[in-house]
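Trainee: Here's a structure for you.
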Amino acid sequence: MKRRPEASLTLRVRTATEECLLQVVPGTSVRDVLDTTKIRVRAACGGNGSCGACVVTWISGDVNAQTTAEYQRLQPAERAAGARLACQLRLQADSEIRIDDPAPPSAWTSIPANSLSAAPAGRPELQQHIYGLAVDLGTTHIRLSLWDRKQGRRIATRRGPNPQAIFGADILNRLASVIDRPERAEEVAHLARDAILHALRDILMRDVGEVRPMLAEIGEVFIVGNAAMLALLTSQGARELLDPENWAGRVNYQPKDPAAFQSKWLLPHATISLPDPVSGFIGSDLLADLVATRLIEGPPGSLLLDIGTNTEIALWDGTHLHITAVPGGPAFEGSGLRNGMAAEPGAIFRVRPNRDAWSLETIGGSPERGFCGSGLVDAVACLLASGQLKPSGRFASPTGDEGFCFDPGNPRTALHAQDIDTFQRAKAATAAAMAALLRQAGMGWNSVQRLCVCGAFGHTLDIAHAQAIGLLPPLPVEFIELAADASLAGCEMGLLHQDGLATFANMRNHIVAINLSQIWDYDDLYIDHLRLRPIQNQ
Amino acid sequence: MLERIIKAYNEAVFETDKEAAFEVINEAMAQGLTAEDVVFKVVIPAVEEMMADITRNPDANLAQHFMTAQIAAEVTERMLEKFKHPPEIIGRVVIGTAAGDLHSLGKRIVMGCLKALMVEVVDLGVNVPAEKFVDEAVAHDAQVIAVSAMMVHTATGENGCRKVREILCQRGLEEKIKIVVGGAPYRFDEALYKSVGADGWAADGITASRMIIGLIRVVKDGGGP
């Protein structure tokens, strides 16, 4: 799962209403790059030049020569005026294009290719319904990918918001919203189901070119998520999940009526595979992380941290997988911060001191709209290093109502005292949970050999900064891996495996689940980790 | 000397630096300050200053509250072991989180401050049934039951504070035992505490101790609000 940064070129994209800068890995088509952003070209084929819908205008920069597909699909006059097909266009140097007729806005974007894992082997024995859908159903985001299972080929991916968030951003509130309200429970289930169907249709329309006939060819949908998301998806068990007595026990959220599920999804031939969660408070998404990172094949002292709205942590001690969950993450996904946001265009993902000012990097090079998780870690670490923030979390001099503005001209670059507080509590919960797990296994930080960081931070987390403020332990940097989309990767492995459900079930045999509320001094550990300083080697 | 110690201790608490706070206290004791003096002349005034500070600036940082309350509780606990005579206790409180609620931090802060202010605290833990709150309050002769609830359904539900009130009423204990509540839902709706049958609430764990001490006095002085 290790990834290396690749050299990239810059693409400037103009539309009638906006302009952005994108980083492009050489060799990637312009369409593939745009698909990961909110500015998408029109499309009705898989990017092989056959539909001719993705017309853009080349303005400047060194690019590849026009292809046969472009000669077939574009008029000579259009070509002379700079028209290109985005799926055929590849950069050879920094370039600029214009899109006159972009696709209508959509909640769904493609997951960047460099954060996807290598495709597992195909299943040549499959004779019919060879397509399959892998779904990572998160509390805040849904990620999915469509596969040709026979060939082991990923057709396309999508990432978008979980629309259930209107009924509660966190798990407990969302569960509480459906208690004793069967019609609400049905509505919440429908929202997630419908979102998945929308994403699937978006793939079929844009990347395949036909919808209805393809839906009938899908043979399996493999879904992972935390227990609450699975309960809400299948309209059952919400009341039980709210009762702490049931958190440590086994739970089961198989659809009560699989046929109804298939018909609501318009997928008449799809087996709906929902691996059972570990327990009421640890979901099958963590199992997917474990499958993808092969944590138990590594040395004893391998830690896995999946940061999300619900943060889950696993520790392999050579014999057992110690596992726990902690509500640590919303701040790292931008929730609860005045200028917090998800990793979307305009999100500050990197902060560096620059003489007397700060240099801020945003996703898409767009104007700053707020901080995503990695930008927040950078911002706090830089302020701490410069002495403008103290280890207590107080600003050295009061910041007033405007907060601390990294760019004095832009209030969206401000951090407020309360944001620092929210951040401190999130990082303390995460670090204290790791410390508690280690102690439970009779280990210390110095016995950790590997740490996989999955989830919200993506690939842009500055590890040294995360260590300086005490979010990650002070391990040698080569022990730490960023594996952002591990749970989707594990889900894909489940989908492509002959018996994916069994792979997941086997993983459960190693697991010892730990409920932090039953560790008597977890609160003390938590408070000990609130200060902004490197984790102490206790 | 005392003035210098108080200043250094307050600075360490302000910086939420537990190690520094203990250094100040250890040095003070090496110079001859008694454990009693540390608690009554250094720690308690610092806690009271903290409460005043929160009242002035209610948006202050929660993480800092947690850290300062922890320092106060740990220093007090360490000092109490060294007291020559058992300290005079203001009163007794049983505390826990409501049935169905595992959020223990708010409770943790209230406990820290109460201990530092010489109130005895019996911790019933998390997810505490209403019957247990009352049984333990009677068994320990407590004046106050403190119910912490961080979620709307545990704050307003039938098995939390409402049920504690019901049982107190059934057993005729309402003059002898008061109920206080705390937690996020009560902050969003400041009249909520009354509708669930509590006698008091506070917006944060630190000022809660002031309100609780007030209710202990009401009970000890013989009854009604």
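Trainee: Determine, yes or no, whether residue A:439 is more than 25 Å from residue A:394 (Cβ to Cβ) and modelled with pLDDT of 95 or more. Before you say what the answer is, go through the steps one by one.
Mentor: Details: more than 25 Å from residue A:394 (Cβ to Cβ): yes; modelled with pLDDT of 95 or more: no.
Criteria not met by residue A:439.
Trainee: Same structure again: Do we have residue B:167 as touching a Lys or Arg at 6+ places or on another chain (Cβ under 7 Å) and either more than 14 Å from every other protein chain (Cβ to nearest Cβ) or more than 27 Å from residue A:526 (Cβ to Cβ) (or both) here?
Mentor: Details: touching a Lys or Arg at 6+ places or on another chain (Cβ under 7 Å): no; either more than 14 Å from every other protein chain (Cβ to nearest Cβ) or more than 27 Å from residue A:526 (Cβ to Cβ) (or both): yes.
In short, no.
Trainee: Counting only residues that are within 30 Å of residue A:130 (Cα to Cα) and of a type in the set (S, T, N, Q), how many does segment A:456-495 have? Write out each step before concluding.
Mentor: Kept after step one, since they are within 30 Å of residue A:130 (Cα to Cα), are these residues of segment A:456-495: A:483-495.
Checking the rest, the ones that are also of a type in the set (S, T, N, Q) come to A:487.
Of the residues in segment A:456-495, 1 are within 30 Å of residue A:130 (Cα to Cα) and of a type in the set (S, T, N, Q).
Trainee: Further, regarding this structure: Test of understanding: among B:182, B:205, which residue is assigned by TED's automatic domain parsing to the domain that holds residue B:128, touching a His at 6+ places or on another chain (Cβ under 7 Å) and under 22 Å from residue B:102 (Cβ atoms)?
Mentor: On the way: B:182 fails: touching a His at 6+ places or on another chain (Cβ under 7 Å).
One residue alone meets the criteria, B:205.
Trainee: What is the number of the single condition among (1) aliphatic (A, V, I, L, M); (2) touching a helix residue (DSSP H, G or I) at 6+ places or on another chain (Cβ under 6 Å); (3) closer than 20 Å to residue B:20 by Cβ that residue B:44 does not meet?
Mentor: (2)
Trainee: Right, something else. Restricting to helices (runs of 4 or more DSSP H) lying wholly in segment B:11-90: which have 2 or more residues that are away from chain A (no Cβ under 14 Å) and farther than 19 Å from residue B:209 by Cβ? Reasoning before the result, please.
Mentor: On the way: elements: B:18-30, B:44-56, B:62-80.
Output list reads B:18-30.
Trainee: Quick check on my filter: what residues within segment A:310-336 are surrounded by fewer than 24 Cβ atoms within 10 Å (Cβ to Cβ) and part of a loop (DSSP other than H, G, I, E, B)?
Mentor: Matches in segment A:310-336: A:317, A:318, A:319, A:320, A:327, A:334, A:335, A:336.
Trainee: Suppose we filter A:344, A:368 for residues that are surrounded by fewer than 19 Cβ atoms within 10 Å (Cβ to Cβ), outside any strand (DSSP E or B) and in contact with a helix residue (DSSP H, G or I) (Cβ under 8 Å, 6 or more places away or on another chain); which single one remains? Lay out the reasoning, then the answer.
Mentor: Working: A:368 fails: surrounded by fewer than 19 Cβ atoms within 10 Å (Cβ to Cβ).
Of A:344, A:368, the one residue that is surrounded by fewer than 19 Cβ atoms within 10 Å (Cβ to Cβ), outside any strand (DSSP E or B) and in contact with a helix residue (DSSP H, G or I) (Cβ under 8 Å, 6 or more places away or on another chain) is A:344.
Trainee: Can you go through B:119, B:110 and tell me which one is farther than 24 Å from residue A:531 by Cβ, within 14 Å of the chain's Cα centre (by Cα) and among the aliphatic types (A, V, I, L, M)?
Mentor: Working: B:110 fails: farther than 24 Å from residue A:531 by Cβ.
Every option except B:119 fails the conditions.
Trainee: Considering only segment B:130-153, how many residues are at pLDDT below 95 and either away from chain A (no Cβ under 14 Å) or more than 30 Å from residue B:52 (Cα to Cα) (or both)?
Mentor: 1
Trainee: Having 2 or more residues that are within 23 Å of residue A:452 (Cβ to Cβ) and among the aliphatic types (A, V, I, L, M) is the bar; report the helices (runs of 4 or more DSSP H) wholly within segment A:481-535 that clear it. Walk me through it before giving the result.
Mentor: Values: elements: A:486-496, A:500-508, A:522-528.
Passing ranges, in order: A:486-496, A:500-508.
Trainee: Follow-up. Any residue in segment A:126-141 that is exposed (fewer than 14 other Cβ atoms within 10 Å of the Cβ), closer than 30 Å to residue A:489 by Cβ and of a type outside the set (A, V, I, L, M)? Write out each step before concluding.
Mentor: Residues of segment A:126-141 exposed (fewer than 14 other Cβ atoms within 10 Å of the Cβ): A:127-128.
Add one more test, that the residue is closer than 30 Å to residue A:489 by Cβ, and what stays is A:127-128.
Narrowing further to those that are of a type outside the set (A, V, I, L, M): A:127-128.
Scanning segment A:126-141 turns up at least one residue that is exposed (fewer than 14 other Cβ atoms within 10 Å of the Cβ), closer than 30 Å to residue A:489 by Cβ and of a type outside the set (A, V, I, L, M).
Trainee: So which helices (runs of 4 or more DSSP H) stay within segment A:234-306 end to end and still have 3 or more residues that are more than 14 Å from chain B (Cβ to nearest Cβ) and either surrounded by fewer than 21 Cβ atoms within 10 Å (Cβ to Cβ) or among the hydrophobic types (A, V, I, L, M, F, W, C) (or both)? Don't jump to the end; show me each part of the working.
Mentor: Details: elements: A:238-242, A:258-264, A:284-293.
Answer list for segment A:234-306: A:258-264, A:284-293.
The values are calculated or read from the model by the stated rules, or taken from the named source; none is laboratory data. The structure presented is a predicted model; accordingly, all values stated were derived computationally and were not measured. Neighbour counts run over all protein chains shown; Cβ positions are idealised from the backbone, glycine included.
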